[in-house]
Amino acid sequence: MPVAIITGASKGLGFALAGALAERGWDLVLDARDPVPLAEAAGLVSAHGTRVTALPGDVTDAGHRSELVASAWRYGGVDLLVHNASALGAEPLVRLEKLEPAGLRRALEVNVVAALGLVQEALPLLRASGAGTVITVSSDAGAEAYETWGGYGASKAALDQLAAVLAVEEPGLRVWAVDPGDMATDLYAAAVPDDDDPRPEPATVVPAFLRLLDERPASGRYGAPALLEGRA
């Protein structure tokens with residue numbers, strides 16, 4: 001069975017993707033900071049009959065990252081690494097003039113530094129997989145200038161560049177930075193709590209991720225809406 005590590009998997013996109021992969025027979029190692037919702041999510045995902053390990057912790061902790069990779073190794077290796085964990089830097093978001101340096105550091109640590117640390121930890125197993133894949137969850141805020149999204153957007157832009165360079169340095173892997181588009185998530189609600197406009201549920205964009213896994217296009221940056229339109 002293929003094995004995936006998914007960070008930020010207790011809810012939202014991470015949970016939806018975990019469920020979809022479990023339906024396809026993947027064994028999973030799931031991460032989130034809060035142990036209670038993570039355990040609940042793992043219980044639901046494991047109902048599909050695959051092996052699921054839930055490891056609560058902070059991806060900025062090197063020891064926790066080592067535990068994630070070690071758990072995947074016990075399942076047989078790492079075929080897919082999904083860095084979905086994200087931090088906003090401020091909740092709700094604020095203009096740059098009010099963004100606390102500590103908040104920006106937190107966004108960079110979670111969104112970029114932890115992603116690199118986890119890739120470094122998993123790289124030998126990804127190389128050995130024969131189909132090793134890294135997915136970093138991006139954002140249009142990393143490519144467009146939106147008021148109050150500066151700190152978060154800067155971290156996602158850095159993550160995109162990290163993924164692009166990794167793809168060049170590791171041509172044997174597939175490395176995809178995926179912008180899922182607008183979604184109804186707790187992260188977005190925390191970012192802009194006054195925005196009541198309806199947004200798609202995370203599960204609606206999962207088919208875009210599955211298309212990448214099925215078709216295995218070249219490494220690069222992809223938008224989920226375009227992938228979904230291309231399938232229609």
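Readers should treat all values here as calculations from the given coordinates under stated rules, not as data from a laboratory. These numbers come from a predicted model, not from an experiment. For neighbour counting, all protein chains shown are included, and Cβ atoms are generated from backbone atoms with ideal geometry for every residue, glycine included.
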Could you calculate the FRET efficiency of Glu23 with Ala102 from 1/(1 + (r/R0)^6), where r is the beta carbon distance between them and R0 is 41 Å, rounded to 0.05? 0.55
At most 10 other Cβ atoms within 10 Å plus a DSSP loop assignment makes a site exposed; report the longest stretch of the chain without any exposed GluC sites (Glu not before Pro). 1-143
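Just want the ordering: Ile135, Ile5, from fewest to most Cβ atoms lying within 10 Å of their own Cβ.
Details: Ile135 23, Ile5 28.
Lowest to highest Cβ neighbour count: Ile135, Ile5.
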Span-like helix ranges in the chain, DSSP H, alpha carbon extent 24 angstrom or more, Kyte mean at least -1.0: 150-169
Work out the length of the dipole vector of the chain about its Cα centre, built from +1 on the beta-carbon of each Lys and Arg and -1 on the beta-carbon of each Asp and Glu, and round it to the nearest 20 debye. 740
Using modelled amide H (1.01 Å from N, peptide plane; none on Pro or chain starts), what sits under 5 Å from the amide H of Ala54, excluding residues fewer than 5 places away? Leu30
Let me make sure I get this right: for the range 144-232, a, b and c are the square roots of the gyration tensor eigenvalues over alpha carbons, sorted descending. Under 1.5 in a/c it's rounded, otherwise prolate if a/b > b/c, else oblate. Which is it? oblate
What number, rounded to the nearest 500 deg cm²/dmol, is the helix-based mean residue ellipticity at 222 nm of the chain, given -39500 (n - 2.57) per DSSP H run of at least four residues and division by all its residues? -14000 deg cm²/dmol
Work out how far the C-alpha atoms of the chain reach from end to end along every principal axis, then list the three figures in whole Å, largest first. 48, 41, 39
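With a 10 Å Cβ neighbour count serving as the proxy for reagent exposure, in which order, fewest first, do Ser10, Ser46 appear? Kindly include the intermediate steps, with their values, before the conclusion.
On the way: Ser10 24, Ser46 17.
The most exposed by this proxy come first: Ser46, Ser10.
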